[in-house]
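Reading through the structure tokens given below for one structure.
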């Protein structure tokens, strides 16, 4: 029954967030992407601490993540949101400017922005820009 191969060697190569086999319903790559997107939505965009209004604590959580993953645009976005919700426009603006810089100069940040910009609907690079190069809608790439 099922579509997972009985080969136990296959399971020894698998880790918690990785899959090395496809199923008729979803490929291994699609499943990994689904799990990663769910992680972004649950632990960043809808982070329970942020949702509960504990913005100071959420800021510390996002800063910790950024110490380990300094390119993590979604963490920066959530950090900026917390500063805005606390009324700290100076820090929110500085964080937005840092995001703009990273999207322009860091390949990982740029790739994350291109792939997950839909999770950040109120963010536009360059404060008001659309993040697109032209009317055709091509994403900007880092220099």
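Using 1/(1 + (r/R0)^6) with R0 = 25 angstrom and r between the beta carbons of residue 91 and residue 37, what's the FRET efficiency to the nearest 0.05?
0.35
Put a dot 7 Å past each Cα toward the Cβ at residue 52 and residue 69; how far apart are the dots in nm?
2.2 nm
Find the all-direction average of the projected area of the Cα convex hull for the range 39-119, expressing the result in square nanometres with one decimal place.
Convex hull of Cα atoms, orientation-averaged projection: 4.8 nm².
For the range 39-119, calculate the relative contact order in percent as a whole number, restricting contacts to Cα pairs under 8 Å that are 6 or more residues apart.
RCO, the range 39-119: 27 percent.
Each value in this text was obtained by applying a stated rule to the coordinates, not by laboratory testing. Just so it is clear, the model here is predicted, and its values are computed rather than measured. Virtual Cβ from ideal backbone geometry, glycine too; neighbours counted across all protein chains shown.
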